[in-house]
Each structure stands twice: as structure tokens, then as C-alpha cells.
Amino acid sequence: MHNSRDTHVTIDPAILYFGTPVVLVSSTNPDGTPNLAPMSSAWWLGRSCMLGFGARSHTPANIQRTGECVLSLPSVHQVAAVNKLARTTGSDPVPPHKVAMGYRHEADKFAAAGLTPVASELVAPPRVLECPVHLEATLEAVHPLAVRDPDRRGGLVAFELRIVRVHVSDSIRMAGHDDRIDPELWRPLIMSFQHFFGLGERVHDSTLARIPESAYRPKRAAAPAPEQLSIRPTVYVRETAGALS
Ligand SMILES: Cc1cc2nc3c(=O)[nH]c(=O)nc-3n(C[C@H](O)[C@H](O)[C@H](O)COP(=O)(O)O)c2cc1C
């Protein structure tokens, strides 16, 4: 086994934000107005999406109460608008831990960022017109994070969403394909260790890309019945409803 002491050192970072796409999450406030929050602890698998939130934020409470949200994905061209939303919250009053980090309450975040709300088709929260990708979503499950970490438990929550409708700007569609996004044209805004980046150029031939995207489309007949699932879900939405309120 190679000894790594000459090449790597052990460190203890407070955060591990290695670089993920920025998402603007729209949700509905108790008074029916929309809230809009930037976040970046997000990943997708198939048509499912996992989002990680501070458990006491306004957005996860809205999503858990209403069961829906919209994810608008900014490109690098919307970075200034995204930055205007930094350190704002829909919470009023602003909770003490956010006061300490310089947050202020903002009732109309679309106006604060200069972004345009546009009606969604299947859910109530509006999409962000300026973003090239809009994902309408419903809440499937809520998963508390770090429950066995005495320093962090209670502070973080992950939401599993089902993406129920996808809208994209024509400018990022792959020529000759109805349902594909061209990765050469899609320029996501990336947050890495609290700073904004874009993607660089393609760096290498990809073996995985030789699999046609159509191979990932599910075939309903091949899916197991719910009672045949080998991995059982741990936390359902209906079991945790109200846990954040
Ligand atoms: C670029 C960016 C990325 C962020 N990523 C996250 C994140 O992944 N999870 C999270 O809980 N907050 C994240 N935040 C902080 C939230 O925006 C902040 O908690 C905000 O108050 C949420 O709005 P709300 O309180 O109205 O829900 C991020 C902020 C910025 C500017």
C-alpha cells in the first residue's frame, strides 16, 4: 500500500461544498405569496432530486407544508441576480443564527433580485423566467441528516422530490432531439466553497456517453411492485408532516 503522508494531509473543514449547481427554489408562503431561495446542495438521479437544507429555513417549511416547489436553474448569466438573494430570508423575524451571519428579511425576493415570476403548470409556486431550466416538483420524502452526530443533528434536512414537469429554453436543446439538453450549450452556475464558477470545456472523451440517453428511460413493466422493493424507504412525507413547523 502506498504511504500518502508525503502527498496528502488530514484537515477538518467546517463545510464540504465541492462544487454543485446553484438552484433557485420557489415555494409558497403561508399567505400565498411566493418565496425564492438560492441553494446548491442538490443532485439528481433519474427524475428524482435530492435537496439539502438548513432545517430551520423558511423554504423547507414551505415545501413540507405545501408538498411542492419549483427548481429554476440559473446559468452563469444570472449570477448577479443570484448574488442579490444571498443573505436574504423569507423568515420574519430573521432567526438569531442568520442575524449573526448578516441576513435580512426580504418579502419579495423576485423583485429584490430583478427576476420575473412566470406561472407553473402543475404546481403553485412560480418559475423564474430568466433561468434556462425550470423543474416543477412534488415532495416525496423527508430525511433528517446527521441524526447520530451530536454537533449537527437537528440542523440539516434532505428532501426527495419528484420532478413532474421539465421546461427548458430552446437555446440549450440538442439539435435533432426532442427531449435532450446539449451539455455544450448548458452553462450551469456552480457554487464551490461559497464562490461562483462556471463549467470549463469538455476535458476528455467519455465512455459513459456512448450509452444512448434513451437507455435510461424507465420501462414500467420492469419496475417491482411497492411490496417487492428490496430497499425500504425509511422516512415518508406523511410520517414526518409538520416536523419542521
Ligand atoms: C449560492 C448559494 C447557495 C446556497 N446553498 C444552500 C444550500 O444548499 N442549502 C441551504 O440550506 N442554504 C443554502 N444557501 C443559503 C440559503 O439561501 C439561505 O438559508 C436562505 O435564507 C434561504 O432562504 P429562506 O430563508 O427564504 O428559505 C445558499 C445560498 C447561496 C447564495
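Every number in this text was worked out from the coordinates using simple rules, so none of it is lab data. Just so we're clear, the structure is a prediction, and the values are computed from it rather than from any experiment. Glycine also receives a Cβ, built like all others from the backbone with ideal geometry; neighbour counts cover every protein chain displayed.
Points worth noting:
- Residues that are acidic (D, E) and surrounded by 11 or more Cβ atoms within 10 Å (Cβ to Cβ) were ranked within the stretch 171-193; the one that is farthest from A42 (Cα to Cα) is D179.
- Number of the condition not met by T10 [criteria: (1) more than 12 Å from the ligand (Cβ to nearest atom); (2) within 23 Å of L145 (Cα to Cα)]: (2)
- Residues that are of a type in the set (G, A, S) and surrounded by 10 or more Cβ atoms within 10 Å (Cβ to Cβ), drawn from the stretch 194-214: G198, S206, A209
- Selected residue (criterion: nearest to Y103 (Cα to Cα)) from residues of the stretch 32-90 that are over 15 Å from the mean Cα position of the chain (by Cα), in a strand (DSSP E or B) and within 9 Å of the ligand (Cβ to nearest atom): T88
- Tabulated pairs, the stretch 34-47, first farther than 19 Å from R65 by Cα, second among the hydroxyl-bearing types (S, T, Y) and more than 11 Å from the ligand (Cβ to nearest atom), C-beta under 8 angstrom, 6+ apart or interchain: G46/Y216
- Residue match in the stretch 114-126 (condition: of a type in the set (G, A, S), more than 12 Å from the ligand (Cβ to nearest atom) and part of a strand (DSSP E or B)): no
- Filter result (in a strand (DSSP E or B) and without any contact (Cβ under 8 Å) to a residue 60 or more places away in the chain) within the stretch 144-167: V164, R165, V166, H167
- A Cβ distance below 8 Å, combined with a sequence gap of six or more or placement on separate chains, defines the contacts here; from the stretch 86-103, residues that are without any contact (Cβ under 8 Å) to a residue 24 or more places away in the chain reach residues that are part of a loop (DSSP other than H, G, I, E, B) and of a type in the set (A, V, I, L, M) in the pairs R87/M101; D92/A107; Y103/V94.
- A Cβ distance below 9 Å, combined with a sequence gap of six or more or placement on separate chains, defines the contacts here; from the stretch 168-190, residues that are free of Cβ contacts under 8 Å to residues at least 40 places away in the same chain and farther than 17 Å from L71 by Cα reach residues that are β-branched (V, I, T) and assigned to a strand (DSSP E or B) in the pairs R173/I181; M174/I181; D179/V166.
- Any hit, the stretch 154-166, residues being within 16 Å of the ligand (Cβ to nearest atom) and over 18 Å from W43 (Cβ atoms): yes
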